[in-house]
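Report on one structure; see the data block that follows.
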2 protein chains.
Amino acid sequence: MPKIDLNKVPRRQASIYPEPYASQMAGRSWRPLAEAAGLTQFGVNIVHLEPGAPASLRHWHLREDEFAMVLTGELVLVEDDGETVMRSGDCAAWKAGEANAHHFVNRSDTPASFLVVGTSHPDEVATYGDVDMMIHMQGGEPRFTYHDGSTWAGPRDLPTKGDQK
Amino acid sequence: MPKIDLNKVPRRQASIYPEPYASQMAGRSWRPLAEAAGLTQFGVNIVHLEPGAPASLRHWHLREDEFAMVLTGELVLVEDDGETVMRSGDCAAWKAGEANAHHFVNRSDTPASFLVVGTSHPDEVATYGDVDMMIHMQGGEPRFTYHDGSTWAGPRDLPTKGDQK
């Protein structure tokens, strides 16, 4: 039967980010539900955030639509144009290609969780809004560059606003 | 901001099924969240079921992965191999092409709801398990046939097991 036994879906914690960003994801874990059920067209994760933890670096997707619903606790959605407090049942969505970097952060003193859905595109690019880094995913393998496309080789200052393309 | 104002997402009720099946969906309504947010790669609906209402005819998808999470109340998931009672937080998923017809029914005496995600494939086929009908969706337009591919022209008995392909 296709009911998913959530307790049998392994919980993941390891970040694919290079340091120092991987360590900044401490307190985040997730269960990849769709993958566990054999789906391949989109991912569905339940993400758990301990107090203080972010769900990711603030980012936007080039080719993948994304949808999220808060399940438990209180999260802050941080985007280019400001912050929104979100609670159980609140939903948000980001259309592929819209350059509005976003992430959830748990600024409360209790754990929180959300469901997130994203298309599985075989050739995806995400751009981080607060650091000079992009991720290029091809065949499941990540490659990191700066915003200008050159190979990432450690943190550097973001270009100033006027210099950004 | 991409937070979705759920109260501004119009609630839909009209079934695309031909009669007598459209009337059997009484008590079902849904809010198309992803569409309201401009997403095109997958659909996300919150489906509300009054006591007694089914979410759909029992069906399986040829090309679209599907995922569901019960939000409120108690629902019965009916599949080829039996029934499963599901409550808030319970999840299920169906891989495209697996011929396991499924639907949710609210057999309780209070309203219930679930979130459902499905890939948006431009050329989709779904097969109903309890009635001799299939739906072919192309460019958003439905076309109904019998299981043998001939044009649907009203309910008729399902072929007996031995006759099914």
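Quick look at the values:
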| read-out | value |
| --- | --- |
| Test: residue in the range B:90-105 that is of a type in the set (Asp, Glu), farther than 21 Å from A:Arg87 by Cα and touching a residue at least 40 places away in the same chain (Cβ under 8 Å) | no |
| Number of the condition not met by A:Leu57 [criteria: (1) closer than 25 Å to A:Gly154 by Cβ; (2) surrounded by fewer than 19 Cβ atoms within 10 Å (Cβ to Cβ)] | (2) |
| Selected residue (criterion: surrounded by the most Cβ atoms within 10 Å (Cβ to Cβ)) from residues of the range B:36-46 that are aliphatic (A, V, I, L, M) and within 22 Å of B:Glu141 (Cβ to Cβ) | B:Val44 |
| Selection count where residues are open to solvent by less than 20 Å² (accessible area, probe 1.4 Å) and either within 11 Å of chain A (Cβ to nearest Cβ) or farther than 22 Å from A:Met69 by Cα (or both), scope the range B:95-104 | 2 |
| Matching option when the condition is of a type in the set (S, T, N, Q) and free of Cβ contacts under 8 Å to residues at least 24 places away in the same chain, among B:Thr84, B:Thr110, B:Thr119 | B:Thr84 |
| Residue under evaluation B:Glu83, criteria (1) within 10 Å of chain A (Cβ to nearest Cβ); (2) under 27 Å from A:Gly118 (Cα atoms), criterion not met | (2) |
| Some residue of the range A:136-155 being more than 30 Å from B:Phe114 (Cα to Cα), among the acidic types (Asp, Glu) and more than 14 Å from every other protein chain (Cβ to nearest Cβ) | yes |
| Looking only at the range B:1-35, and only at residues there that are facing chain A (nearest Cβ under 8 Å) and open to solvent by less than 60 Å² (accessible area, probe 1.4 Å), the one that is nearest to A:Gly43 (Cα to Cα) | B:Ala34 |
| Single residue of the range A:99-118 satisfying the filter (of a type outside the set (Val, Ile, Thr) and part of a strand (DSSP E or B)) that is farthest from A:Glu50 (Cα to Cα) | A:Gly118 |
| From the options B:Ser113, B:Ser88, residue that is open to solvent by 70 Å² or more (accessible area, probe 1.4 Å) and closer than 30 Å to A:Ala68 by Cβ | B:Ser88 |
| Residue in the range A:64-78 that is open to solvent by 30 Å² or more (accessible area, probe 1.4 Å), without any contact (Cβ under 8 Å) to a residue 12 or more places away in the chain and at negative phi present | no |
| Which numbered condition B:Pro142 misses (of (1) of a type outside the set (D, E, K, R); (2) crowded, with 17+ Cβ neighbours inside 10 Å; (3) outside any loop (DSSP other than H, G, I, E, B)) | (2) |
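This table checks each residue for (1) within 12 Å of chain B (Cβ to nearest Cβ); (2) at pLDDT below 95; (3) in contact with a Phe, Trp or Tyr (Cβ under 8 Å, 6 or more places away or on another chain).
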{"position": "A:Gly38", "(1), (2), (3)": "yes, no, no"}
{"position": "A:Ala53", "(1), (2), (3)": "no, no, no"}
{"position": "A:Asp65", "(1), (2), (3)": "yes, no, yes"}
{"position": "A:Glu79", "(1), (2), (3)": "yes, no, no"}
{"position": "A:Ser88", "(1), (2), (3)": "yes, no, no"}
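The values are calculated or read from the model by the stated rules, or taken from the named source; none is laboratory data. The shown structure was predicted, so the numbers you read here are calculated from the model rather than taken from an experiment. Cβ: placed from backbone, ideal geometry, glycine included. Neighbour counts: every protein chain shown. The accessibility values were calculated without ligands, DNA or RNA, using every heavy atom of the protein model including side chains. Shrake-Rupley method; radii C 1.70, N 1.55, O 1.52, S 1.80 Å.
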